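Written below as structure tokens is the structure these notes are about.
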Amino acid sequence: MNEHQADDLARFMGGVKRRNPGETEFHQAVHEVAMDIIPYIADKPVYKELKILERMTEPDRIVSFRVVWQDDSGAIRVNRGYRVQQNNAIGPYKGGIRFHPTVTQSVLKFLAFEQVFKNSLTSLPLGGGKGGSDFNPKGKSDLEVMRFCQAFMTELAKHIGPDTDVPAGDIGVGSREVGYMFGQYKRLANRFEGVLTGKALEFGGSRIRTEATGYGVVYMVDEMLKKHGESIDGRTCVVSGSGNVATYCAEKLIDMGGKVVTLSDSCGFIHYPNGLTHEHLHWVMDLKNRRRGRIEEFTKEFGGEYYADRSPWGIKCSLAFPCATQNEITSEDAKLLINNGCRAISEGANMPTTPEAIKVIQGCDYLLHAPSKAANAGGVAVSGLEMSQNSARLQWSREEVDDRLRTIIRGIHDQCVEFGSDANNHVDYFKGANIAGFNKVASAMMAYGVM
């Protein structure tokens, strides 16, 4: 980026911050994209004249609403719900619903903005959106979760539809919550239609939807390594998180010969040097999904070491998979990974690497780094496939869905290589993903004229 482009970036980000004061997560997501797109469009005046990037950063609409529900003691509870409909230039809005105390408008805007590029990369006709609430399902009874989901959907139903906006699950929203919300939508609309993805197989879900994000993260790093004649087999892998993305990422790594030595939660991480097995992962899934326990309990059951209030990035590894939350890899963590000889990072969480850490990583040509918008697109890809199955009233086999997922991730990798390669054949996967995702959406927006 030359001096003139740096000035353009500073002016652009100044405008974004003025229009969106205090929304630091959103600012970070936009800056991560703009630092690649502004140099790319420097010699393409039509994008600048039509203010394409400025229009992409402004959501089509944001819906905010009150959610009132009753807990088991009879007390009235009040939460806030959101749906950010960011951009539908290439298809209906598509993106998850998150139930977590940390949900704010800024967090959902960052996720919706990222979703636009992620969905574009899949080559499926999907726009980008995101929604959620500051409701915390942890510690709530099934009946309390049901009442909340029904109250949430009673308002959200006014703004979604199979050709308008198709939400899915996210943090705090699994098959239980999706089932409650779909049931309420069906009751209100008096129609059975594919308005939510992540449904159970019994009422229109897709096989491997739960596994898809974690599997895609591994398929992405497999494609990156194949480009250099390498493989996952025999490599030590560090995974953060212990939810669906982390555990299914670990499962697929084990299937492909990797040795997974860590998992984590918000309280700390476990280190199991001999490598986790499928039996270990099944135990962790039961711990987290049914018993709502802490990862520390693993060491009491199977051994290994537990490290409280720490992240796993100091453990020596060949491959790293941040699958927990945003900004979990700091610049110091990045230096540790590089010094320990890490070969590749594939992001399972959304925006898990801080801007400072990205700069450190970009200074190391040896370390391959797949951004979340490319690496964790497997979830929305299979959601798109679920929409196709719903429209056709079909249900594909596990093998067929998995084959389609692998093809989609391979296509994402190829796009990153096409737009992210330099004269020395080095691939900047962040740049490649940002430009490839931008191109498709920008072309559609220009075709519609000024709107």
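The translational diffusion coefficient of the range 210-375, from Stokes-Einstein at 37 °C and 0.692 mPa s with a Kirkwood hydrodynamic radius over alpha carbon pairs, comes to 213 µm²/s.
Calculated on C-alpha atoms, the gyration radius of the range 61-193 divided by its Kirkwood radius gives an Rg/Rh of 0.97.
Bridge orientation summary for the range 61-193: considering DSSP beta bridges with both residues in this region, about 70 percent are antiparallel. With contacts taken as Cα pairs under 8 Å at a separation of at least 6 residues, the range 332-451 carries a relative contact order of 21 percent.
With contacts defined as alpha carbon pairs under 8 Å and 6 or more residues apart, what's the relative contact order of the range 211-329 in percent?
Details: 219 pairs, mean separation 36.2, N = 119.
Reported relative contact order: 30 percent.
When each of the peptides 308-320, 102-114, 268-280 is scored by how many other beta carbons lie within 10 Å of its residues on average, the order from highest to lowest is 102-114, 308-320, 268-280. The Cβ shell under 13 Å around Arg410 holds other residues with a net charge of -2, Lys and Arg each +1, Asp and Glu each -1.
Bridge orientation summary for the chain: considering DSSP beta bridges with both residues in this region, about 60 percent are antiparallel.
Please figure out what share of the DSSP beta bridges in the range 1-97 is antiparallel and state it in percent, rounded to the nearest 5. Among the beta bridges of the range 1-97, antiparallel pairing accounts for roughly 100 percent.
Centre-to-centre separation between the Cα atoms of the range 17-40 and those of the range 298-335: 28 Å.
Just from its helices, what would the mean residue ellipticity at 222 nm be for the chain, if runs of 4 or more DSSP H residues each count -39500 (n - 2.57) and the sum is divided by every residue, rounded to the nearest 500 deg cm²/dmol? Before the final figure, lay out each step's value.
Numbers: 17 runs with 219 residues, N = 451.
Calculated mean residue ellipticity at 222 nm is -15500 deg cm²/dmol.
With the alpha-carbon atoms of the chain aligned to their principal axes, the span from lowest to highest coordinate is 63, 60, 42 Å, starting with the largest.
Scoring 348-358, 205-215 by mean Cβ neighbours within 10 Å over their residues and listing the highest first yields 205-215, 348-358. Pairwise alpha-carbon distances in the range 155-273 exceed 26 Å for 38% of all pairs.
No lab work stands behind these numbers, since they all come straight from the coordinates. The shown structure was predicted, so the numbers you read here are calculated from the model rather than taken from an experiment. Don't worry about glycine lacking a Cβ; one is built from the backbone with ideal geometry, like all the others, and counts go over all protein chains shown.
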